[in-house]
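Asker: I have a structure I would like to understand better, so I am pasting it below and will then ask my questions one at a time.
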Amino acid sequence: MPAQFEGVPKTTIYGKSTTTSHSGENGENAKNSSDNSDSSSKNSKEQKEFSATNQTPPLVDLRTSTPTRQNPPQEALSNTIPSIVTTQNADQQKSSADLALESSFNNVTESIEREKNQQRPKTQYIPRNPYNTPSYYPQTPNPIFDSPRMFSLYDTDTLFFIFYYQQGTYQQYLAAKELKRQSWRYHKKYLTWFQRHEEPKEITPKYEQGTYVYFDYETGWCQRKKCEFTFTYQYLEDNEI
């Protein structure tokens, strides 16, 4: 045994070597522990990634869930819009056509009368019974008296006056037209106007009999009632006016 080792307890050497040996084992154990920690961390990360990719969707309670609303295909929607627009345009055109037809129907009578006025010769007014009247009196008839609308505003006596005192004039024609519109009928034998007072008691192909109202233009210038009168159709003035 060397001299430097004399007097040194063996336990000391063994303790040193034992200490050294334990230190090496501790380092290896620490290294193994670190490797195990890294492996565990890696495994934990992989498990999280797997869970994220294979995650099961949460359960939905169909009793309380609100159904999602699916939007119609763009093509179908684009095909529907033109049909709606076409329908609206058709309704507008129909409404315009109805208004135009109604306006034309309302003005047809006035248009016919206007044409008749244009066909009548335009001559200077000459009074039938001239008389020396003040110059500030009207000297010519007002053109408004040629309007058929005015005759619908006149009462019956005025229409009778125009008919009997404006002979051979356009005003006489308009008066007769308005009287017929009011259900008066002209009797060509008695030269006066009759109107039914009530429904006839008897009607045949040649005559009707009942109570009538007639206009007395000769003696009283008034309307009178005649009972049990027989109106023979051959005396009925039925010209369309």
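The values are calculated or read from the model by the stated rules, or taken from the named source; none is laboratory data. Since this is a predicted model, take the numbers as computed values, not measurements. With ideal geometry, Cβ positions are generated from the backbone for all residues, glycine too; neighbour counts draw on all protein chains shown. Note: accessible area is taken over every heavy atom of the protein model, side chains too, but ligands, DNA and RNA are not part of it. Shrake-Rupley method; radii C 1.70, N 1.55, O 1.52, S 1.80 Å.
Asker: If I go through segment 196-207 residue by residue, how many of them are in contact with a Ser or Thr (Cβ under 6 Å, 6 or more places away or on another chain) and either open to solvent by less than 60 Å² (accessible area, probe 1.4 Å) or outside any strand (DSSP E or B) (or both)?
Answerer: The number of residues fulfilling the criteria is 2.
Asker: Moving to a separate point now. Out of everything in segment 181-194 that is hydrophobic (A, V, I, L, M, F, W, C) and not in a strand (DSSP E or B), what residue ends up being least open to solvent (accessible area, probe 1.4 Å)?
Answerer: For segment 181-194, the residue satisfying everything is Trp184.
Asker: Against the condition over 15 Å from Glu237 (Cα atoms) and in contact (Cβ under 8 Å) with a residue 12 or more places away in the chain, how does His187 come out, does it pass?
Answerer: No, not satisfied.
Asker: Could you check, for segment 216-238, whether at least one of its residues is under 22 Å from Pro148 (Cα atoms) and at pLDDT below 95?
Answerer: yes
Asker: Is it true that Asn107 is in a helix (DSSP H, G or I), over 30 Å from Arg224 (Cα atoms), at pLDDT 65 or above and open to solvent by less than 70 Å² (accessible area, probe 1.4 Å)?
Answerer: For Asn107, the condition - in a helix (DSSP H, G or I), over 30 Å from Arg224 (Cα atoms), at pLDDT 65 or above and open to solvent by less than 70 Å² (accessible area, probe 1.4 Å) - is met.
Asker: Out of the residues in segment 208-223 meeting the condition of being out of contact with any helix residue (DSSP H, G or I) (no Cβ under 6 Å at 6 or more places or on another chain) and among the aromatic types (Phe, Trp, Tyr), tell me which one is least open to solvent (accessible area, probe 1.4 Å).
Answerer: Filtering segment 208-223 for residues that are out of contact with any helix residue (DSSP H, G or I) (no Cβ under 6 Å at 6 or more places or on another chain) and among the aromatic types (Phe, Trp, Tyr), the one least open to solvent (accessible area, probe 1.4 Å) comes out as Tyr212.
Asker: Moving to a separate point now. For segment 149-180, how many residues meet the condition of being exposed (fewer than 12 other Cβ atoms within 10 Å of the Cβ) and among the basic types (Lys, Arg)?
Answerer: The total comes to 1.
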